[in-house]
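Shown next, in structure tokens, is the structure this report addresses.
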Amino acid sequence: MSIVKIQNKKALEQLQARLTLRIGRKTTQQEILDYCVMLANQNLDKLVELATQTPVLNQEKVKKILDRIKNLKNETYDESAKFENSEDNDIYLP
């Protein structure tokens, strides 16, 4: 048996709970991951589509980000700022 680290453990736990409610018995997280691998093999095109949506950080993007940071250095911070994405509020606001 090997160990697999999962970034979104909470989503796996929620999937486990939903699956338990739907089929009437508790499945292990290992079973769920096995099912996911089977589904991914059957739907490789969809998996490729999802995988290609993940942004890739390369030297060019790093340079653009660093340039933006330099340009914003003299800007004042707006403590009353609100962001459309609630996760941004969690990250940027105290």
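Structure data summary
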item: R0 of 22 Å, Cβ-Cβ distance L39-R18: FRET efficiency to nearest 0.05; result: 0.90
item: Structure-based [θ]222 nm, the chain - -39500 (n - 2.57) summed over DSSP H runs of at least 4, per residue, nearest 500; result: -19500 deg cm²/dmol
item: Nonlocal amide H pairs with T27, under 5 Å, H built at 1.01 Å; result: T20
item: Region 19-94: C-alpha gyration tensor shape, a/c 1.5 cut-off, then a/b vs b/c; result: oblate
item: Extension gain from D67 to K9, taking 0.36 nm per residue of separation minus the Cα-Cα distance; result: 17.4 nm
item: Sorted by Cβ neighbour density within 10 Å, fewest at the top, the residues T28, T54; result: T54, T28
item: FRET efficiency, Q53 to I32 (Cβ-Cβ, R0 35 Å, nearest 0.05); result: 0.95
item: Pairs of lysines in region 1-64 (C-alpha under 26 Å apart; 8 or more residues apart or interchain); result: 6
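All of the numbers you see were taken from the coordinates with simple rules; none came from a lab. Predicted, not measured: the structure shown is a model, and the values here were computed from it. Cβ: placed from backbone, ideal geometry, glycine included. Neighbour counts: every protein chain shown.
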